[in-house]
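Participant: The structure's right below; bear with me while I get my questions together.
The values are calculated or read from the model by the stated rules, or taken from the named source; none is laboratory data. Worth saying up front: this structure is predicted, and the values here are computed from it rather than measured. Glycine gets a Cβ as well: all are built from the backbone with ideal geometry, and neighbour counts include every protein chain shown.
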Amino acid sequence: MDLLNTLVDKGLRRELPSRDEALAVLATSDEDLLDVVAAAGKVRRHWFGRRVKLNYLVNLKSGLCPEDCSYCSQRLGAETGILKYTWLKPDEASKAAAAGLAGGAKRVCLVASGRGPTDRDVDRVSDTIKTIKEQNEGVEVCACLGLLSDGQAERLRGAGADAYNHNLNTSEATYGDITKTHTYADRVDTVQKAHAAGLSACSGLISGMGETDEDLVDVVFALRELDADSVPVNFLIPFEGTPLAKEWNLTPQRCLRILAMVRFVCPDIEVRIAGGRELHLRTLQPLALHLANSIFLGDYLTSEGQAGKADLEMIADAGFEVETTDQVTLPEHRRAGGCGSVCGSQDKAAEAPADTAPAEAAQPAPQAEAPAAPGPRTDLVTVRRRGAGTDVAPNA
């Protein structure tokens, strides 16, 4: 397909595809799916080889959130039956993190429910970051605490945090349909605060909430413009007791096309398969490793994931290897200050191979008639009852 050849060439040059090209990836048919995966896989291997970065979530504070995000099992008034507890102590959080690190995780993601941290909360998390860093040499720590106020990102950086996560989740045009208690602009502001403080920006999306292809392309283009170093791609977990409980819109094939589109738009960025991969990719999870170079190991914040041992076996069986602490995730040009919106505009000609002619602009493919999505698989949504906040051993 001319489209895929064009996108591979652009991905190897870090050149931004057009919106029509990104939309065309989402419109490809199931018949062409393996070609799409193979093409995006070339871009993934060029920048990240066959390494898979493992990340491990520690839910520092579960439930009790005043925000009304429609997708979230911890939202205000949700009747989801999840674990609810207040802040873990630093030693408790470090013990929880140790399980994931023992399983091969390189980054620990410290998450707390709520609109955003108070200054006292930042002190708590700073103590936890220091404890984890002291007890685990070479570990990366990412904080995810909600909307940041002025100066808080700098304090987290001073405590040793390497990154800050705050997802955009969906397009600006549809954000108000998902959440009313804060705005899309609030989220953008927090990502910018983290970046300005010298933290690696981690920001992603949730697919499967009833969004259009245009919404997906909008949010991924926005993430590239924000210069996120890491883009987690979540697939909606439709928890009973949330407004989106009936949204079962994803097929494994649809998930792979979304990941491929993200890889083409963000060729040299850490693309992470995040929440819901087991639920929606199911037996096609190994194919997704050809598109993303990062996954979460074990359980999620409020739901159980695939067994950690099965994750490691899947990576090995698919011919990939776990990234170690002495390996640097991002390509050198991103480590030297990031890529941002200039990539593919000012420097693409210098990096293009001498024998590569400019590719003709691809025309958007006609919208393929997608097969009907499978019925709800509520049997695959399991509330987490182990690990952080419990006396039961974690999944890692």
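Participant: State whether one or more residues within the range 377-385 are crowded, with 17+ Cβ neighbours inside 10 Å, of a type outside the set (D, E, K, R) and at pLDDT 50 or above. Talk me through it step by step, then tell me what you get.
Facilitator: Within the range 377-385, the subset crowded, with 17+ Cβ neighbours inside 10 Å is 381, 384.
Now drop any that are not of a type outside the set (D, E, K, R), which leaves 381.
When the remaining residues are screened for being at pLDDT 50 or above, the result is 381.
Yes, the range 377-385 contains at least one residue that is crowded, with 17+ Cβ neighbours inside 10 Å, of a type outside the set (D, E, K, R) and at pLDDT 50 or above.
Participant: If you take the residues in the range 278-317 that are assigned to a helix (DSSP H, G or I) and in contact with a Cys (Cβ under 8 Å, 6 or more places away or on another chain), which one is nearest to ARG19 (Cα to Cα)?
Facilitator: Here is the first cut: in the range 278-317, the ones assigned to a helix (DSSP H, G or I) are 278-280, 282-288, 308-317.
Cutting the leftovers down to in contact with a Cys (Cβ under 8 Å, 6 or more places away or on another chain) gives us 280, 284, 288.
Details: HIS280: 26, LEU284: 27, ALA288: 22 Å.
Among those that are assigned to a helix (DSSP H, G or I) and in contact with a Cys (Cβ under 8 Å, 6 or more places away or on another chain), it is ALA288.
Participant: Looking only at the range 81-111, which residues are outside any helix (DSSP H, G or I) and of a type in the set (A, V, I, L, M)?
Facilitator: Residues of the range 81-111 that are outside any helix (DSSP H, G or I), as a first pass: 81-89, 103-111.
Answer for the range 81-111, where residues must be outside any helix (DSSP H, G or I) and of a type in the set (A, V, I, L, M): ILE82, LEU83, LEU88, ALA105, VAL108, LEU110, VAL111.
Participant: Now a separate question. If you take the residues in the range 138-186 that are within 15 Å of the chain's Cα centre (by Cα) and of a type outside the set (A, V, I, L, M), which one is farthest from ALA197 (Cα to Cα)?
Facilitator: Of everything passing the filter in the range 138-186, THR170 is farthest from ALA197 (Cα to Cα).
Participant: Please go through the range 288-323 and pick out each residue that is at pLDDT 95 or above, crowded, with 21+ Cβ neighbours inside 10 Å and more than 15 Å from the chain's Cα centre (by Cα).
Facilitator: If the condition is that a residue be at pLDDT 95 or above, crowded, with 21+ Cβ neighbours inside 10 Å and more than 15 Å from the chain's Cα centre (by Cα), then HIS290, ASP311, ILE315, GLU323 are the ones that fit.
Participant: While we're looking at this one, here's another question. Before we move on, is PHE264 touching a Gly at 6+ places or on another chain (Cβ under 8 Å) and not basic (Lys, Arg)? Give the derivation first.
Facilitator: Numbers: touching a Gly at 6+ places or on another chain (Cβ under 8 Å): yes; not basic (Lys, Arg): yes.
So PHE264 fits the description; yes.
Participant: Here is a follow-up. Has the range 87-95 got any residue that is surrounded by 16 or more Cβ atoms within 10 Å (Cβ to Cβ), without any contact (Cβ under 8 Å) to a residue 24 or more places away in the chain and more than 19 Å from the chain's Cα centre (by Cα)?
Facilitator: Within the range 87-95, one or more residues are surrounded by 16 or more Cβ atoms within 10 Å (Cβ to Cβ), without any contact (Cβ under 8 Å) to a residue 24 or more places away in the chain and more than 19 Å from the chain's Cα centre (by Cα).
Participant: Do we have any residue at all in the range 217-233 that's over 18 Å from the mean Cα position of the chain (by Cα) and surrounded by fewer than 21 Cβ atoms within 10 Å (Cβ to Cβ)? Before you say what the answer is, go through the steps one by one.
Facilitator: First pass over the range 217-233, keeping only residues over 18 Å from the mean Cα position of the chain (by Cα): none.
Scanning the range 217-233, I find no residue that is over 18 Å from the mean Cα position of the chain (by Cα) and surrounded by fewer than 21 Cβ atoms within 10 Å (Cβ to Cβ), so the answer is no.
Participant: On to the next question. Take the residues of the range 58-84 that are of a type in the set (Ser, Thr, Tyr) and closer than 17 Å to GLU304 by Cα: which is surrounded by the most Cβ atoms within 10 Å (Cβ to Cβ)?
Facilitator: First, the residues of the range 58-84 that are of a type in the set (Ser, Thr, Tyr): 62, 70-71, 73, 80.
Add one more test, that the residue is closer than 17 Å to GLU304 by Cα, and what stays is 62, 71, 73, 80.
Details: SER62: 23, TYR71: 23, SER73: 29, THR80: 19.
Here the residue is SER73.
Participant: Spot the failing condition for HIS166; the list is (1) within 20 Å of LEU330 (Cβ to Cβ); (2) surrounded by fewer than 18 Cβ atoms within 10 Å (Cβ to Cβ); (3) touching a Gly at 6+ places or on another chain (Cβ under 8 Å), and only one is missed.
Facilitator: (2)
Participant: Right, here's the next one. Looking at the range 251-266, can you tell me whether even one residue there is touching a Cys at 6+ places or on another chain (Cβ under 8 Å), farther than 16 Å from ILE237 by Cα and not in a strand (DSSP E or B)? Break it down into steps so the answer makes sense when it comes.
Facilitator: Applying the first criterion (touching a Cys at 6+ places or on another chain (Cβ under 8 Å)) to the range 251-266 yields none.
Checked the range 251-266: no residue is touching a Cys at 6+ places or on another chain (Cβ under 8 Å), farther than 16 Å from ILE237 by Cα and not in a strand (DSSP E or B).
Participant: When the range 177-187 is examined, which residues are found to be touching a helix residue (DSSP H, G or I) at 6+ places or on another chain (Cβ under 8 Å) and either surrounded by fewer than 19 Cβ atoms within 10 Å (Cβ to Cβ) or of a type in the set (Val, Ile, Thr) (or both)?
Facilitator: Correct list: THR183 only.
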